[in-house]
Ligand SMILES: [Zn+2]
């Protein structure tokens, strides 16, 4: 997969293709609260001076679990069926100084997941749409060697 092909699974979450892919958040100009996804109103002070910002691509694992069974469909629209389903990690990543983001994790082995470990944003092909385009989703991966 190159950064020049595929389409974002949800353009309100991130743009794809992109030279510097990142999640889109918003930040309150009054109290500096950061949200993901973007919001028009501040959840902390109820202000409406929300500015769109790129979220950090690195953070730490705040909480996690392993999804051990196929999620309900709809709304779930992943590539797995009951026959080929593999458990996957899901968690909250605390982006440095910003906000906690719920995300799939690339790691599903409980032995290799630890609260507080450094994580970074990655993008991967999730499914193919009817026209044969790669639909790109995001996940967080442990940063090796830290
Ligand atoms: Zn605010």
In region 8-20, is there at least one residue being within 16 Å of the ligand (Cβ to nearest atom), touching a strand residue (DSSP E or B) at 6+ places or on another chain (Cβ under 9 Å), more than 21 Å from residue 133 (Cβ to Cβ) and in a loop (DSSP other than H, G, I, E, B)?
no
Return the residue satisfying two criteria in turn: it lies in region 27-47 and is assigned to a loop (DSSP other than H, G, I, E, B) and more than 9 Å from the ligand (Cβ to nearest atom), and of such residues it is surrounded by the most Cβ atoms within 10 Å (Cβ to Cβ).
36
Cβ pairs under 9 Å, 6+ apart or interchain, first in region 27-45 and without any contact (Cβ under 8 Å) to a residue 60 or more places away in the chain and on the phi > 0 side of the Ramachandran plot, second part of a loop (DSSP other than H, G, I, E, B) and surrounded by fewer than 17 Cβ atoms within 10 Å (Cβ to Cβ), ordered by first then second residue, are 32/44
Across region 110-126, which residue is surrounded by the most Cβ atoms within 10 Å (Cβ to Cβ) among those that are without any contact (Cβ under 8 Å) to a residue 60 or more places away in the chain and not in a loop (DSSP other than H, G, I, E, B)?
122
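Since every read-out is calculated from the coordinates, none of them should be taken as a lab result. Just so you know, these numbers come straight off a predicted model, no measurement behind them. Note that we place each Cβ from the backbone using ideal geometry, even for glycine, and neighbour counts take in every protein chain shown.
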